[in-house]
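Novice: This is the structure I have questions about; it appears just below.
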Amino acid sequence: MEALSWTGSLGTILNPALTLVVALFAIALVAQLVLGLFAAPMTLQSNADGTLQSRGGALGMSETAVKYLFLGLIAVVVAYILVPLVMPYGSAGILGEMSKRFLPVWIALVALYAVSIIYKRKLGLYGKLFDSTVGMIGFGLVMFWVFTALFVGLFDMIITHDYLSQVSGLKNKTPGVPVPEGTDGAIAHYLLGGDNLARDIFSRVVTGSVFVIAIAPLATIFAFMVGITLGLPAGFYGGKLDTFLSFVANLILAFPVILLFYLLVTPEIVETGIPSYMAAFLFIFPLIFFGVLLNSRFYTQPAKRNMILAPVLIVLGWLYLSVINQKGTVINFLPEWMDLFDISILVVFVSVVFVNAPTVFRIVRGLTLDLRTRDYVAAAQTRGEGAWYIMLWEILPNARGPLIVDFCLRIGYTTILLGTLGFFGLGLSSESPDWGSTINEGRKLLLIYAHPALPPAVALLSLVLGLNLLADGLREESLKD
Amino acid sequence: MGLFILRRLGVMILTALCLTFIVFWLTNLAPNLEKLAKTQGNARMSDEAVVSWLENRGYSQALPVKYGQWLGVMPGYVIEGADGEVRARCAGPGVEVADASTFCGILQGDWGFSTVFKDDVSTIVATRLGLTGKLMFWVMMVMIPGALILGVLAGMREGSRTDRSLSTVSIISTATPEYVSGVVFISVFATATFGMQWFKGTATSAMEDATFENFFLPVMTIALYGMGYIARMTRASMTEVMTAQYIRTARLKGVSFPKIVLRHALRNALIAPFTVIMLQFPWLLNGVVIVETLFNYKGFGWVLVQAAGNNDIELLLGVSIVSVFVVLITQLISDIGYVFLNPRIRIS
């Protein structure tokens, strides 16, 4: 077997095209930026005969050029993805083979975008996202990783080799290296090379997405539950409660995050059981939240309330107990058959929630302070509604815009935090394929072999960038209302 | 104003006390002390040996007592150990037990002794802070002008193509954590992989002699992550100012656009970014820890990692005090500065 080159025979046509388009795009972009500084703020001008004319002159030309070159750039990138799908194995190089491995993801993405764009007028804020280019790009990047995680985690699709198996002779080998005859695996090459333990980097990076996509949104949801449940009363009532909670939040925020991680996420601290107690404290908030949410709405009809509240609380309570109940820790009282799952990285999860919750608290408190003076709150008070009803059913829905935007940003931030933990080797085993740990492994030999650290770094960057762009698109679209 | 500052100072001291107590408590938990005993004494110590080692060195006292001694409000321990040797908290190396002072804590200016570096915590913290200060100075020199220019250019014409392009640049920079940009920078500019081996991949030599070659990458790595955020805040404040009445008045009077931006808008637009820049310090501390580890620059962040990794209690406490005070003082400065810079608050 020969080693794969980066683009194979495909590159002879597409590489010069890509270079040309990128160079022209960069020139046009710079020209547009520089010229834009001196031009009048006008994009369309109306002529006397009733026609509209777009901006002319050098700036107008550069703007048109940027637009078409950007489309051209996308076309070239799409060609890199699509053409290899019909080419035989190996002829399209590493990029071509990677594109083939991601085939299920491409299909899912195309289907999702097709359906969303057709029905976008009926889909509310989500549909509006497809009106903004930035939002669409961001959503695409995020969904790329979500689908990758789904296909890898549930169906074992995309990966080419086992992410833990070591193949002798492939240690630190450069991308495209052929594996020895008779090695298990879907294809006969290590697409992105081998790491310092001769494992397949491509498979590790792709498997790492499962970890991030599973943990980051969930941890963010928990942080939001804590922040909302505490932030609403703090902003609504004010007074001593607010002073105390704000002090505690500021206390946690004044801690340098890394110091906190180093103090909390060590085997010694896990031994003392502090993470388990923190989990028991932090994870009860979803129960409180949903309990109060439903009770405040239906308490006037006790029969109906009991019908709704009881199953919700039983299911959540069971999940809660299974999460905090861990074998080998201080909280271990449930009988075996009741314990649904053991989370081996509970301490990572807890510390990420703990770091994020105070910021959410501050945002929710600020929004509540602003919204509690509105007329609809006064109207609800005049109707005789309870305080919690007003907070959860009047104020919270009206604060959703900024909260949704912050939710997207915060998932990105959580991803960065998880990467930080991995980067310092805290809480995760060194075998773990998550991106932070892989970067940490790769950086040790970075000056000699650059290829093991780069793919996870680029993967993490693209996911966080996608979430940030998505948040920006959502903010822009929600402001248009 | 005086009362406001006094109240803030009070809250600050209370916060610092709470935080140091939390750090103290976490580092003094039984498993951590056992680890300390085994790393300092002998890795194969029996359980009894660990207990007596800890007792001899005053680690077995009650937590509030130990904290009081460290603070300097309670007299330091003098313990006659099981091995017959008398040890006193205030008797450092080279000081006789009899000559030792009664109180030795933070309040007396005694920061304790590092078990990892075998040196006084105050000297370690001072020298390392100096090194990190050098790094931070250059980060600020790159980050603040860059971010302000980016934000002002983007914000002066909201919604224009310039705005879109520059905003995308700042989003990309906020989405790149230091360990990603650092790894990318090193592999692109410090290895032969891409044929652009222009800079050095380590900053160890920059500790004595910082040159463009060995200091550029670490500075850029930290500056990039903070730059996007400040630029976005500057942009938001600039767009708000540009829609204000007095800008419209100036326009209608026929003032040229560059003059409006530089004379009328800029001063008011820079109030909000000032607060943001001040509040960026705690985040920069994170970046410092990552970058110093990545580039092997032995500054304050590197010491934090060493102290935390080896459970060096007194060094860790010293480090946390410094970082907590940096955070709190920058918050205070940002509050006071905001009041001083904003005439609407200052005059009323």
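The values are calculated or read from the model by the stated rules, or taken from the named source; none is laboratory data. It should be emphasised that the depicted structure is a prediction, and the values quoted were computed from it without experimental measurement. Every residue, glycine among them, receives a Cβ derived from its backbone with ideal geometry; neighbour counts consider all protein chains shown.
Novice: Within the bounds of segment B:154-164, is there any residue that is among the hydrophobic types (A, V, I, L, M, F, W, C) and either away from chain A (no Cβ under 11 Å) or without any contact (Cβ under 8 Å) to a residue 60 or more places away in the chain (or both)?
Specialist: No, segment B:154-164 contains no residue that is among the hydrophobic types (A, V, I, L, M, F, W, C) and either away from chain A (no Cβ under 11 Å) or without any contact (Cβ under 8 Å) to a residue 60 or more places away in the chain (or both).
Novice: In the list A:Leu218, A:Leu192, which residue meets the criterion of being within 25 Å of the chain's Cα centre (by Cα) and surrounded by 24 or more Cβ atoms within 10 Å (Cβ to Cβ)?
Specialist: None of the other options fit; the residue is A:Leu192.
Novice: For A:Thr329, are the conditions met, namely being without any contact (Cβ under 8 Å) to a residue 12 or more places away in the chain, part of a loop (DSSP other than H, G, I, E, B) and of a type in the set (Val, Ile, Thr)?
Specialist: Criteria not met by A:Thr329.
Okay, residues lined up against (1) modelled with pLDDT under 90; (2) more than 30 Å from B:Leu107 (Cα to Cα); (3) within 11 Å of chain A (Cβ to nearest Cβ); (4) surrounded by 18 or more Cβ atoms within 10 Å (Cβ to Cβ):
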| residue | (1), (2), (3), (4) |
| --- | --- |
| B:Glu208 | yes, yes, no, no |
| B:Phe215 | yes, yes, no, yes |
| B:Thr221 | no, yes, no, yes |
| B:Ala231 | no, yes, no, yes |
| B:Glu240 | yes, yes, no, no |
| B:Arg251 | yes, yes, yes, no |
| B:Thr275 | yes, yes, no, yes |
| B:Met278 | yes, no, no, yes |
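Novice: Is it the case that B:Asn286 is under 18 Å from the mean Cα position of the chain (by Cα) and not aromatic (Phe, Trp, Tyr)?
Specialist: It is true that B:Asn286 is under 18 Å from the mean Cα position of the chain (by Cα) and not aromatic (Phe, Trp, Tyr).
Novice: Do we have any residue at all in segment B:279-288 that's farther than 30 Å from B:Val188 by Cα and not basic (Lys, Arg)?
Specialist: Among the residues of segment B:279-288, at least one is farther than 30 Å from B:Val188 by Cα and not basic (Lys, Arg), which makes the answer yes.
Novice: Can you go through B:Ala30, B:Ala62, B:Ala43 and tell me which one is within 14 Å of chain A (Cβ to nearest Cβ) and small (Gly, Ala, Ser)?
Specialist: One residue alone meets the criteria, B:Ala30.
Residue by residue, here is whether (1) over 27 Å from A:Ile252 (Cα atoms); (2) small (Gly, Ala, Ser); (3) surrounded by fewer than 17 Cβ atoms within 10 Å (Cβ to Cβ); (4) without any contact (Cβ under 8 Å) to a residue 24 or more places away in the chain holds:
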position	(1), (2), (3), (4)
B:Arg7	no, no, yes, yes
B:Phe21	no, no, yes, no
B:Leu36	no, no, no, no
B:Gln40	yes, no, yes, no
B:Met45	yes, no, yes, yes
B:Leu63	no, no, yes, no
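Novice: Considering segment B:178-194 alone, what residues qualify as being farther than 12 Å from A:Arg443 by Cα, at the interface with chain A (Cβ under 7 Å from one of its Cβ atoms) and part of a helix (DSSP H, G or I)?
Specialist: B:Thr193
Novice: Take the residues in segment B:195-206 that are in contact (Cβ under 8 Å) with a residue 60 or more places away in the chain and not in a helix (DSSP H, G or I), then tell me which one is surrounded by the fewest Cβ atoms within 10 Å (Cβ to Cβ).
Specialist: Filtering first and then ranking leaves B:Thr202.
Novice: Here's something else I'd like to know. More than 14 Å from chain A (Cβ to nearest Cβ), aliphatic (A, V, I, L, M) and loosely packed, with under 14 Cβ neighbours inside 10 Å: which single residue out of B:Leu3, B:Leu54 fits that description?
Specialist: Answer to the check: B:Leu3.
Novice: Please work out which residue is modelled with the highest pLDDT, limiting yourself to segment B:16-67 and to residues that are charged (D, E, K, R) and in a helix (DSSP H, G or I).
Specialist: By that ranking, first place goes to B:Lys66.
Novice: Restricting segment B:69-82 to residues that are in a helix (DSSP H, G or I) and out of contact with any Pro (no Cβ under 9 Å at 6 or more places or on another chain), which is farthest from B:Thr115 (Cα to Cα)?
Specialist: Within segment B:69-82, the match that is farthest from B:Thr115 (Cα to Cα) is B:Leu71.
Novice: Also: What residue, of A:Val292, A:Val206, A:Val226, A:Val212, is within 14 Å of chain B (Cβ to nearest Cβ) and either more than 30 Å from A:Asp156 (Cβ to Cβ) or in a helix (DSSP H, G or I) (or both)?
Specialist: Checking each option against the conditions leaves just A:Val212.
Novice: Is it fair to say B:Ser323 is assigned to a helix (DSSP H, G or I) and within 12 Å of chain A (Cβ to nearest Cβ)?
Specialist: yes
Novice: With respect to A:Gly425, determine if the residue is more than 9 Å from every other protein chain (Cβ to nearest Cβ) and either without any contact (Cβ under 8 Å) to a residue 60 or more places away in the chain or among the hydroxyl-bearing types (Ser, Thr, Tyr) (or both).
Specialist: Criteria met by A:Gly425.
Novice: May I ask you to verify whether B:Val184 is within 14 Å of B:Leu294 (Cβ to Cβ), surrounded by 23 or more Cβ atoms within 10 Å (Cβ to Cβ) and either touching a residue at least 40 places away in the same chain (Cβ under 8 Å) or aliphatic (A, V, I, L, M) (or both)?
Specialist: Against the criterion (within 14 Å of B:Leu294 (Cβ to Cβ), surrounded by 23 or more Cβ atoms within 10 Å (Cβ to Cβ) and either touching a residue at least 40 places away in the same chain (Cβ under 8 Å) or aliphatic (A, V, I, L, M) (or both)), B:Val184 does not qualify.
Novice: Another one. Being among the charged types (D, E, K, R) and farther than 18 Å from B:Thr174 by Cα is the filter here, so list the residues in segment A:427-475 that pass it.
Specialist: Once the filter is applied, which keeps residues that are among the charged types (D, E, K, R) and farther than 18 Å from B:Thr174 by Cα, segment A:427-475 yields A:Glu431, A:Asp434, A:Glu441, A:Arg443, A:Lys444.
Novice: Would you point out the residue of segment A:231-266, among those that are surrounded by fewer than 16 Cβ atoms within 10 Å (Cβ to Cβ) and more than 26 Å from B:Ile321 (Cβ to Cβ), that is farthest from the other protein chains (Cβ to nearest Cβ)?
Specialist: A:Tyr237
Novice: Here's a follow-up. Can you go through B:Val169, B:Val255 and tell me which one is in contact with a helix residue (DSSP H, G or I) (Cβ under 8 Å, 6 or more places away or on another chain) and either within 11 Å of chain A (Cβ to nearest Cβ) or closer than 25 Å to A:Val464 by Cβ (or both)?
Specialist: Result of the check over B:Val169, B:Val255: B:Val169.
Novice: Please verify whether segment A:161-169 includes one or more residues that are of a type in the set (Ser, Thr, Tyr), touching a helix residue (DSSP H, G or I) at 6+ places or on another chain (Cβ under 7 Å) and within 15 Å of A:Ile213 (Cβ to Cβ).
Specialist: Within segment A:161-169 (the criterion being of a type in the set (Ser, Thr, Tyr), touching a helix residue (DSSP H, G or I) at 6+ places or on another chain (Cβ under 7 Å) and within 15 Å of A:Ile213 (Cβ to Cβ)), the answer is no, since none of the residues qualifies.
Novice: Restricting to segment B:294-316, count the residues that are at negative phi, surrounded by fewer than 23 Cβ atoms within 10 Å (Cβ to Cβ) and either within 11 Å of chain A (Cβ to nearest Cβ) or part of a helix (DSSP H, G or I) (or both).
Specialist: Total meeting the criteria: 6.
Novice: Does segment B:183-199 hold any residues that are out of contact with any Phe, Trp or Tyr (no Cβ under 7 Å at 6 or more places or on another chain) and more than 13 Å from A:Ile448 (Cα to Cα), and which are they?
Specialist: B:Val184, B:Phe185, B:Gly195
Novice: Here's a follow-up. Which ones in segment A:267-289 are out of contact with any helix residue (DSSP H, G or I) (no Cβ under 9 Å at 6 or more places or on another chain) and within 8 Å of chain B (Cβ to nearest Cβ)?
Specialist: none
Novice: Further question on the same structure: The conditions are (1) surrounded by 15 or more Cβ atoms within 10 Å (Cβ to Cβ); (2) under 26 Å from A:Thr266 (Cβ atoms), and A:Asn332 fails exactly one of them. Which is it?
Specialist: Answer for A:Asn332: the failing condition is (1).
Novice: Test each condition in (1) within 11 Å of chain B (Cβ to nearest Cβ); (2) over 25 Å from A:Met143 (Cβ atoms) for A:Val464 and report the one that comes out false.
Specialist: All conditions are met except number (2).
Novice: Please find, among A:Leu251, A:Leu263, the residue that is touching a Phe, Trp or Tyr at 6+ places or on another chain (Cβ under 9 Å) and free of Cβ contacts under 8 Å to residues at least 24 places away in the same chain.
Specialist: Among A:Leu251, A:Leu263, only A:Leu263 is touching a Phe, Trp or Tyr at 6+ places or on another chain (Cβ under 9 Å) and free of Cβ contacts under 8 Å to residues at least 24 places away in the same chain.
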